[in-house]
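Have a look at the structure that comes next, please.
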Amino acid sequence: MDKLWIEEQEEFEVGDSAFLISFFNENTASTRYVLRNTPAYTNRSNEPKLHGWCGTYNNIGTYGEGAWQVVRIAKSGRYLIKELTRSELILFLEDMGYPELIPHEEK
């Protein structure tokens, strides 16, 4: 994913960055996306996670989807977001107080 349209996220403005969390409903096979100022946390060890599965409760799986920036807010209230680049991500995670989530550079 490079850019994504998601439903209303009332507390964010164009230019704001946030953690993107998805919730997958196993019963309906639908996914809902939410921007938050905190990352997804695993449901057993309660650790913050930038990417990947964090646990399932009541057939709803929670996944960390990285950090994204609001690009545009449509008249319908939907948000166009884009994933942060590596350099933007590093600054964002340090600013938000989660430097331990900075991914190691791949060789």
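The values are calculated or read from the model by the stated rules, or taken from the named source; none is laboratory data. This one's a predicted model, so the numbers in the text were calculated from it and none came from an experiment. Cβ sites come from the backbone with ideal geometry, for glycine too, and all protein chains shown count toward neighbours.
Quick one: what pairs do we get from region 42-59, first residue within 13 Å of Asn25 (Cα to Cα) and hydroxyl-bearing (Ser, Thr, Tyr), second modelled with pLDDT of 95 or more and in a loop (DSSP other than H, G, I, E, B), C-beta under 8 Å, 6+ apart or different chains?
Thr56/Glu26
While we're on this one: Which residues, taken from region 91-107, are surrounded by 10 or more Cβ atoms within 10 Å (Cβ to Cβ) and either outside any loop (DSSP other than H, G, I, E, B) or modelled with pLDDT under 95 (or both)?
If the condition is that a residue be surrounded by 10 or more Cβ atoms within 10 Å (Cβ to Cβ) and either outside any loop (DSSP other than H, G, I, E, B) or modelled with pLDDT under 95 (or both), then Leu91, Phe92, Leu93, Glu94, Asp95, Met96, Pro99, Leu101, Pro103 are the ones that fit.
It is to be established whether one or more residues within region 40-50 are surrounded by fewer than 17 Cβ atoms within 10 Å (Cβ to Cβ), modelled with pLDDT under 95 and among the charged types (D, E, K, R).
yes
Which of the residues belonging to region 21-50 are outside any strand (DSSP E or B) and within 16 Å of the chain's Cα centre (by Cα)?
Within region 21-50, Asn37, Thr38, Pro39, Thr42, Glu47, Leu50 meet the criteria.
Residue check: is Tyr79 hydroxyl-bearing (Ser, Thr, Tyr) and touching a residue at least 60 places away in the same chain (Cβ under 8 Å)?
The answer is yes for Tyr79.
Mind checking which residues of region 1-35 are among the small types (Gly, Ala, Ser) and either more than 18 Å from Gly77 (Cα to Cα) or loosely packed, with under 11 Cβ neighbours inside 10 Å (or both)?
The answer is Gly15, Ser22, Ala29, Ser30.
Go through region 69-90 and give me each residue that's out of contact with any strand residue (DSSP E or B) (no Cβ under 8 Å at 6 or more places or on another chain) and either surrounded by 15 or more Cβ atoms within 10 Å (Cβ to Cβ) or β-branched (Val, Ile, Thr) (or both).
Passing the criteria: Thr85, Ile90.
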